[in-house]
Amino acid sequence: MKLRSTLMLFMAAVVPNLFGQDSAVAFEKGIRPFLAKYCVSCHGPDKQKAKLRLDTLDADLLNGSEADMWQEVLDLINVSEMPPEEAKPQPTPQERQAAVALLTAEFRKVLEARRSTGGRNVLRRLTAYEYNNTLRDLLGLDLRFATDLPPEGAAKEGFKNNSSVLGTSALHIEYFERIARSALGRILLAPEKKPPAYVVRIEPERAFKKIPDTKKPNNRNRGKGGGGSYNLQPLVGGKPQFKGLFKLDFGEVLPDGTGVLLAGNRPADPVNAPFAADRKIGGALGAGRSGFQPEFRAEIYEIPHDAPVRVKIHAAAIPGKGNTFPRLSFELGSFRGNGVSDQKEGGNIEVRSQDLQTYEFIVHGANFPFQSNKPSRPSYFRIFNEFRRGTSDLAYEDLPKLVIDWVEIESNHFPEWPTAQNRAILIDSPHRDNEEAYVRDVLRHFMKRAYRRPVADHEVERKAVLFEKLRPTHASFEHALVSTLTAVLCSSNFLLVAEPAPKPIAGEAPVAKRQLNDYELASRLSYFFWNTTPDEELLAAERGELATREGLFAQATRLMEHPNTRAGVRNFFIEQLQLYKLDSFTKDPTIFEHYHSDLGENARDETLRFLEYVVFDGNEDFRDVMTADYSFVNARLAHNDERRRGLA
């Protein structure tokens with residue numbers, strides 16, 4: 001039932017509502033009698049107090065010229081200033097409420113009518129986030145494509161996917177061309193031979209000649225004697241060379257020395273004490289986490305970072321008091337020099353298994369701030385336990401702890417060669433040995449996915465002619481194809497969400513409104529729920545499934561139940577509630593003395609976690625948004641609140 005009610009609310013914004021009450025009839029039956037009984041004696045043909053006459057006001061709020069006057073009438077009735085107290089007779093509270101409700105409803109209908117596009121979506125460009133997601137899913141590359149695009153505004157309602165704020169400048173086209181060419185080049189211009197993998201395996205026990213005393217205050221578990229660091233060697237690729245360094249800061253070592261333990265704080269930190277100075281705020285303190293959090297760190301040199309990276313972590317949980325469990329978070333980044341570091345989280349999961357298991361993550365190195373890999377500025381990999389003690393009363397011994405047995409980092413992680421992305425473009429075809437015929441097969445397949453609809457023969461032919469013109473000036477078929485497909489990805493058919501009106505037939509009146517076809521509905525559903533291009537099942541619209549209410553509801557249910565919808569719902573609420581403005585709020589330094597660029601992100605996360613729970617996870621209904629007696633608390637903000645109130 002909850003899923004159904006969720007779908008009905010969201011589908012109201014996706015599928016146009018073609019039904020409505022006859023406004024003129026409602027107006028004449030509800031508003032005119034009220035005015036005649038209580039208002040016209042002072043504002044009618046015989047008398048016009050304040051030079052206002054109500055019996056002749058134009059009732060057409062949509063097309064008439066007196067909507068502002070009707071708004072004033074509504075306001076005066078609503079605050080009981082009309083009719084005035086001395087006037088007789090006076091309306092009952094029920095009559096006044098009914099008149100206000102009806103007039104308010106009429107204004108709401110006018111507002112919706114002015115926003116309406118007759119059931120069609122106004123031609124608009126993909127937003128930056130829709131463009132990023134669409135290119136990601138079309139090409140199979142999870143990269144941050146939209147990072148450098150010009151900033152976008154928002155409509156007064158907060159939404160960024162409004163055509164009125166989605167202008168397209170020459171700068172946009174320049175970036176679209178650059179982004180498409182770079183992404184296609186990654187896929188189609190890859191070397192013929194598979195790049196060798198670069199694998200580093202980190203086994204902490206190799207760092208310790210003897211088990212260090214972890215109970216000493218602020219013991220970093222490294223250095224001479226007790227040890228805590230060792231040189232890393234690549235597992236493949238030539239003679240052993242100095243490739244990196246493993247370090248353990250403030251963590252414990254298992255009694256047998258076979259692994260390490262990470263808690264959320266240092267053993268010496270007192271319970272419920274304010275966090276220590278930020279560890280990453282520029283220089284050695286750098287921007288990021290509060291306190292000297294125990295960390296498992298590998299500094300790595302000469303790693304090919306602009307490639308897929310597979311991270312395997314052999315870990316287990318030691319549950320804490322109250323059935324609490326550790327959270328494994330890992331980061332990839334680099335040192336910028338002078339102690340300044342830059343990093344980005346690559347994964348964050350709760351570990352519940354008390355038996356050692358291998359947790360695997362695959363990320364793309366291009367999304368992370370790797371840099372030169374020089375010995376003075378190495379790239380690095382860090383593991384933290386994100387379960388923090390800062391707002392709990394757990395002693396160190398009672399905290400959930402993360403057991404790390406070993407870690408393996410593999411760059412140039414390509415499970416198959418050529419890659420799946422390459423084969424998705426260079427499809428199998430009986431014309432593979434005939435460039436002229438093969439390029440048309442490739443274009444037809446790619447353009448249907450890019451345009452989110454079937455493509456006509458003349459559209460394919462136009463791009464094939466472009467390819468033939470480019471081919472003599474390019475070194476290979478693949479180089480010329482990159483330029484041709486770049487043109488596809490700069491086409492309005494890709495960049496715009498369009499629902500073109502049917503062409504009028506000669507001698508007949510133009511069609512004012514039409515039903516959306518299956519492909520247009522597929523795009524509406526996909527971009528609303530997922531903020532990205534329709535998947536293969538949605539695009540299989542030849543079956544006519546979306547033409548029926550049952551089929552439409554079935555597909556909406558499928559999309560709603562998919563994990564992608566969580567991201568879509570979060571983005572919907574970010575825009576509806578304008579939560580992106582939290583990043584620009586001024587912070588009170590007396591309260592947020594340890595906070596910097598992530599304050600807005602933490603505040604936004606509290607709201608989004610609550611809304612996500614109401615929509616997906618809770619057993620209540622949408623009224624919980626306004627009436628819930630529970631919420632979600634961000635630990636870092638909560639700790640600041642405790643410090644402000646003198647509780648920490």
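Full extension of the chain between ALA87 and PHE361 yields a length gain of 91.1 nm, computed as 0.36 nm times the residue separation minus the alpha carbon distance. For each pair in LYS344/LYS581; LYS247/LYS581; LYS401/LYS581; LYS247/LYS344, compute the distance between the two Cα atoms and list the pairs where it is over 29 Å. Long pairs (Cα-Cα over 29 Å): LYS247/LYS581; LYS401/LYS581. Take each peptide in 477-483, 82-88, 533-539, 625-631, count the other Cβ atoms within 10 Å of every residue, and average; sorted highest first, the result is 477-483, 533-539, 82-88, 625-631. Modelled label positions at THR557 and PHE159, each set 7 Å beyond Cα in the direction of Cβ, lie 2.6 nm from each other. Here is the P(r) of the range 412-463: all C-alpha pair distances, binned every 10 Å from 0, give 24, 45, 25, 7, 0 in whole percents. Remark on the range 456-495: Rg and Dmax equal 10.3, 29 Å (Cα only).
Can you list the equivalent-ellipsoid semi-axes of the range 373-464, largest first and in whole Å, using the square root of 5 times each Cα gyration tensor eigenvalue?
Equivalent ellipsoid semi-axes, largest first: 53, 20, 13 Å.
Here r is the Cβ-Cβ distance between GLU177 and LEU577 and R0 is 51 Å; the resulting FRET efficiency, rounded to 0.05, is 0.90.
We did not get these values from a lab; they are worked out from the coordinates using the rules stated. Note that the structure is predicted; figures quoted are calculated from it, not measured. Note that each Cβ is placed from the backbone with ideal geometry, even for glycine, and that neighbours are counted across all protein chains shown.
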